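Here is the structure we will look at, set down as structure tokens.
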Amino acid sequence: MRSIIISILIAVSIVSCEKNSGPVFIDPGESLISGSGLFILNEGNFMAGNGSLSFFSYDSSRVINHLFSKINKYPLGDIPHSMKIAGNNAFIVVNNSNKIEVVKAFNLESVTTITGLKSPRYLEVLSNNTGYVTSLWSDSVTIIDLNSLAISGYINLRRSSESIAVVDVYAYIAHWYGGNEIMVVDTRNNSVVDSIPVGAEPESMVVDKNNTLWVLCNGGWERNYHAELIGINTRTNEIVKRFVFPDINDSPTSLQANKGRDTLYYLEKGVRRIRIDDAGLPASPFISENGHTFYKMAVFPETGDIFVSDPVDYQQKGFVIRYSRDGALVAAMEAGIIPGGMCNRIMLPHWTE
């Protein structure tokens, strides 16, 4: 009898809990991308409009694909190139669709679409809640008001622009395609105040802990010039370090820095690593390609993990390969077609409010 009574009480308790709890509804965007991780911009095939967005979640240690279209019910566009998180919003720069998709940083729900751009490449955020957008096929940088999420002006560089870095009140903007200089813009009045001659086709830039601007010049696609890694003192705008790559066929890309900003990484027949006080370029890769084709790279600041994309044949789905900070292979995960640029996302408390 005692056992029967206990069984009845347990059954009643279970039913009671089920009745009181009710159904739980989970926002699809929040459930897919909860926590910190890494966004992967899959470029898709040129002119096909099949670019997509993936997310590597540290919670699940897996990649979730086609996030933008799943959440917003329309395609991301043609060649998503870069992504920037600022405040409550994330800005996805879609190069060949000439637009920026603005979404909520927490769940990727669409906020608005900024149009009227010409071949946009990167967006950088200034301290006054203004954004600068560089362009491959325009002579001007576009100014975005991040409050109204609209174009508010232009800066005529008289040349195309690529990567961008901000130090104090100055924006350093690379003239990449066919260029060999860094334009310096005073962000207080949006005017060009200086230009710094560097190597051929400055492709990517980072700022180290000493506010030295490191510029990776890939030497030009025709390989007429040697690639260079150049350090610029941003107080004087003078070149203080210059490393020339030994082989004219070297074509390094994707300059990155660790969280402490004392170590640089770039791609050149593998992942190369150099400390900012080293006397020369590394002689061999820190991480070898081992049959992969390394295309783009990101360093996750909180763990030091290194993520590299492999587009395979630039037609089928590619992979994102995760390595530990020591260079050990962790996992290779399927992404979309031509996985390219990547954007770190560190979960912020106010996103859950």
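The values are calculated or read from the model by the stated rules, or taken from the named source; none is laboratory data. On a predicted model such as this, the values are computed, not experimentally measured, just so you know. Don't worry about glycine lacking a Cβ; one is built from the backbone with ideal geometry, like all the others, and counts go over all protein chains shown.
Looking across region 234-290, the residues that are closer than 26 Å to residue 343 by Cβ and of a type in the set (Gly, Ala, Ser) come down to 251, 254, 257, 260, 270, 288.
Quick one: which of 189, 180, 156 is within 18 Å of residue 237 (Cα to Cα) and polar (S, T, N, Q)? After applying the criteria, what remains is 180.
Taking region 323-347 as the range and being outside any strand (DSSP E or B) and on the phi < 0 side of the Ramachandran plot as the test, the residues that pass are 324, 325, 326, 328, 346, 347. Considering only residues that are outside any strand (DSSP E or B), at pLDDT 95 or above and polar (S, T, N, Q), which ones fall in region 215-271? Across region 215-271, the qualifying residues are 218, 234, 236, 237, 249, 251, 258.
Of all residues in region 162-206, how many are touching a Lys or Arg at 6+ places or on another chain (Cβ under 7 Å) and buried (at least 17 other Cβ atoms within 10 Å of the Cβ)? Explain how you work it out, then say what you get.
So in region 162-206, the residues touching a Lys or Arg at 6+ places or on another chain (Cβ under 7 Å) come out as 162, 169, 175, 179.
Within this subset, residues satisfying the condition of being buried (at least 17 other Cβ atoms within 10 Å of the Cβ) are 162, 175, 179.
Residues meeting the conditions: 3.
Annotation note: of 125, 206, 185, the sole residue that is touching a residue at least 40 places away in the same chain (Cβ under 8 Å) and in contact with a Gly (Cβ under 9 Å, 6 or more places away or on another chain) is 125. Can you find a residue in region 70-81 that is touching a residue at least 60 places away in the same chain (Cβ under 8 Å) and part of a strand (DSSP E or B)? Within region 70-81 (the criterion being touching a residue at least 60 places away in the same chain (Cβ under 8 Å) and part of a strand (DSSP E or B)), the answer is yes, since at least one residue qualifies.
Of everything in region 88-107 that is under 16 Å from the mean Cα position of the chain (by Cα) and not in a strand (DSSP E or B), the residue that is nearest to residue 176 (Cα to Cα) is 95.
Just checking, does region 288-307 include any residue being closer than 16 Å to residue 229 by Cβ and among the acidic types (Asp, Glu)? Looking through region 288-307, none of the residues is closer than 16 Å to residue 229 by Cβ and among the acidic types (Asp, Glu). Within region 276-322, being on the phi > 0 side of the Ramachandran plot, surrounded by 15 or more Cβ atoms within 10 Å (Cβ to Cβ) and without any contact (Cβ under 8 Å) to a residue 24 or more places away in the chain holds for one residue alone: 312. Condition check for residue 303 on (1) more than 20 Å from residue 33 (Cα to Cα); (2) not in a strand (DSSP E or B): one failure, at (1).
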